[in-house]
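A short worksheet on the structure shown next.
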Amino acid sequence: MTAAIKTARLCLRPVRAEDAGALPALITPMISQWTANWRYPFTTAMAEERVAATLADNAAGTGFNRVLTE
């Protein structure tokens, strides 16, 4: 797995399967209106599917998806 990218102000780490649990609460109507692929309501099942696809892309070397943690 690729290491996190850290600076003095933030940390970008690789996506993990457990990240799916936080996504539904983050995708509000206000966020959803500005995104083409993140519909509201965003369910846990949708989050799990999105994270699984992201992990597959990263594993195949076709993605570079990160989570901002700081």
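Worth a mention:
- Being out of contact with any Asp or Glu (no Cβ under 6 Å at 6 or more places or on another chain) and open to solvent by less than 70 Å² (accessible area, probe 1.4 Å) holds for only one residue in 60, 53, and it is 53.
- Residues of segment 34-70 that are aromatic (Phe, Trp, Tyr) and closer than 11 Å to residue 23 by Cβ: 38, 42.
- Residue list for segment 21-34, filter: closer than 17 Å to residue 51 by Cα and open to solvent by 50 Å² or more (accessible area, probe 1.4 Å): 21, 22, 25, 26
- Filter result for the condition that a residue is of a type in the set (S, T, N, Q), modelled with pLDDT under 95 and either on the phi > 0 side of the Ramachandran plot or under 14 Å from the mean Cα position of the chain (by Cα) (or both), over 43, 35: 35
- Consider segment 44-55 and keep the residues that are in contact with a helix residue (DSSP H, G or I) (Cβ under 6 Å, 6 or more places away or on another chain) and not aliphatic (A, V, I, L, M). The one that is farthest from residue 14 (Cα to Cα) is 44.
The values are calculated or read from the model by the stated rules, or taken from the named source; none is laboratory data. Treat the numbers as computed from the prediction; the structure is a model and nothing was measured. No Cβ is skipped: glycine too gets one built from the backbone with ideal geometry, and neighbour counts run over all protein chains shown. Each accessible area value is taken on the protein alone, full model and side chains, heavy atoms only, with ligands, DNA and RNA left out. Shrake-Rupley method; radii C 1.70, N 1.55, O 1.52, S 1.80 Å.
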